[in-house]
Amino acid sequence: MAGKSKRSKSSNRWLQRQQRDYFVRQAQDKGQVSRAHYKLVQIDQRFKLLRGNARVLELGAAPGGWTNYLQDKVSKGMLVAVDPLPITAGAATHVIAGEAGHPEVDAEIDQLLAGSQFDLVLSDMAPNISGIRTVDQARAMDLADIAWSACEMWLRRGGHLAIKAFQGEGLDDWVQARRKAFKKVTMTKPKASRPESREVFVVAQGYDRPPQG
Ligand SMILES: C[S@@+](CC[C@H](N)C(=O)[O-])C[C@H]1O[C@@H](n2cnc3c(N)ncnc32)[C@H](O)[C@@H]1O
């Protein structure tokens, strides 16, 4: 019984925070799939990452807030959205139900690209939170590495990467390493990202892809 009342107190707090939250209300009022939508809108407004014919790989796409923004923005390009969970997406979006970093997902992406490359790799992937900070941070950094591997495989020279990351062990080194591969790397926290969260976004522009072969 004690456990039950503890749970309902914390879910009440969550509910109150959601109701207070401007971006959650906006998402509900405007029929957006999620609050996350506004984070990408704000990142795109600042960094101008998208053009109409861009080829975009979106990792961690469910429930589809970013996907909905992206499919309008790149209507003449290509959008590949990956997540093991269901994604709300239009018919033109290539949805891959699986985990990025798994060989079968890589194979599907290879097939869709048919030898071409992405202009932009985006990741809003987040690990299942265990509550143990060191474990969760290590998992988040693994996801950052998966997004980076996607760049090594499929991002064109001059292309961009934007990922969600979490302030903590390993992030500064990870960002330093990306500075060697991209012309410009910026850490940013969009207004739509909750101030109390350790969430930040790393935007890396101008991939200096090593020559292949
Ligand atoms: C914060 S949510 C993404 C929200 C989404 N950008 C939106 O706007 O609706 C994080 C997502 O990352 C996904 N995720 C975690 N690990 C993943 C992986 N290896 N490959 C693909 N998606 C992953 C989770 O399933 C979850 O749906």
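Being in contact with a helix residue (DSSP H, G or I) (Cβ under 7 Å, 6 or more places away or on another chain) and either over 27 Å from residue 110 (Cα atoms) or charged (D, E, K, R) (or both) is a description that applies to residue 170.
The set of residues in segment 67-121 being more than 16 Å from the ligand (Cβ to nearest atom) and surrounded by 20 or more Cβ atoms within 10 Å (Cβ to Cβ) consists of 119 alone. Residue 53 meets each of the listed conditions (1) of a type outside the set (Lys, Arg); (2) more than 9 Å from the ligand (Cβ to nearest atom); (3) surrounded by 17 or more Cβ atoms within 10 Å (Cβ to Cβ); (4) touching a residue at least 24 places away in the same chain (Cβ under 8 Å) apart from (3).
Quick check on segment 145-158. Is at least one of its residues assigned to a helix (DSSP H, G or I), among the β-branched types (Val, Ile, Thr) and at pLDDT 95 or above?
As a first pass, look at segment 145-158 and keep what is assigned to a helix (DSSP H, G or I): 145-154.
When the remaining residues are screened for being among the β-branched types (Val, Ile, Thr), the result is 146.
When the remaining residues are screened for being at pLDDT 95 or above, the result is 146.
Yes, segment 145-158 contains a residue that is assigned to a helix (DSSP H, G or I), among the β-branched types (Val, Ile, Thr) and at pLDDT 95 or above.
Kindly indicate whether residue 44 is under 20 Å from residue 202 (Cβ atoms) and in a helix (DSSP H, G or I). Taking the combined requirement at face value, the residue satisfies it. A search for C-beta distances below 7 Å between a residue of segment 113-131 that is among the β-branched types (Val, Ile, Thr) and at pLDDT below 95 and any residue that is outside any strand (DSSP E or B) and buried (at least 16 other Cβ atoms within 10 Å of the Cβ), counting only pairs 6+ apart in sequence or on different chains, returns 129/136. Considering 197, 193, the condition of being in contact (Cβ under 8 Å) with a residue 60 or more places away in the chain and in the same structural domain as residue 39 (by TED's automatic domain parsing) is satisfied by 193 alone.
The values are calculated or read from the model by the stated rules, or taken from the named source; none is laboratory data. Being a predicted model, the structure only gives us computed values, none of them experimental. Backbone-built Cβ (ideal geometry, glycine too); neighbour counts: all protein chains shown.
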